[in-house]
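Undergrad: The structure that follows is given in the form of structure tokens.
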Amino acid sequence: VDMVIIFSEDTPIDLIEAIRPDVLVKGADYTVNTVVGADLVQSYGGRVELFALEPGHSTTATIARLAGETC
């Protein structure tokens with residue numbers, strides 16, 4: 001992982017256009033067709049990877065823990 005970015009927009013499309021990642025990663029609860037920016041990343045030779053979710057772990061909970069909050 002080279003970069004993790006927190007953003008406040010509704011979708012990450014502007015960010016994806018700006019940084020042009022080689023790999024765009026989402027959880028396996030998505031399909032490539034439902035990943036925002038997948039078509040853009042693939043258009044310049046990048047790839048979209050879907051990873052299995054880990055029971056008991058979530059991005060929301062991780063961010064809350066780092067911020068000292070509870071979910």
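Undergrad: Beta carbons within 10 angstrom, averaged per residue: use that to sort the peptides 51-60, 14-23, 37-46, highest first. Intermediate values should be presented prior to the final figure.
TA: Details: 51-60: 8.6, 14-23: 12.6, 37-46: 14.2.
For the peptides 51-60, 14-23, 37-46, the packing ranking is 37-46, 14-23, 51-60.
Undergrad: Right, another one. Quick check: residue separation of Leu40 and Asp2 times 0.36 nm, minus the Cα distance between them. What number comes out in nm?
TA: Working: separation 38, 0.36 × 38 = 13.68 nm, distance 1.94 nm.
My answer for the length gained is 11.7 nm.
Undergrad: Here is a further query. In whole Hz, what ³J(HN,Hα) sequence does segment 22-38 give by Karplus (6.51, -1.76, 1.60; θ = phi - 60°), x for Gly and Pro?
TA: With the stated coefficients, segment 22-38 comes to 6, 9, 10, 10, 9, x, 6, 7, 9, 10, 4, 5, 9, 7, 4, x, 4 Hz.
Undergrad: Quick one: what does P(r) look like for segment 13-66 with 5 Å bins over all Cα pairs, in whole %?
TA: Per 5 Å bin, starting at 0, the Cα pair percentages come out as 4, 19, 25, 19, 17, 12, 4, 0.
Undergrad: Also, I was wondering about something else. List the residues, sorted by chain then number, that are 5 or more residues from Val48 or on another chain and whose placed amide H is less than 5 Å from its amide H.
TA: Leu24
A short reminder: the numbers here are calculations on the coordinates, not readings from a lab. Everything numeric here is computed off the predicted structure, so don't read it as measured data. Note that each Cβ is placed from the backbone with ideal geometry, even for glycine, and that neighbours are counted across all protein chains shown.
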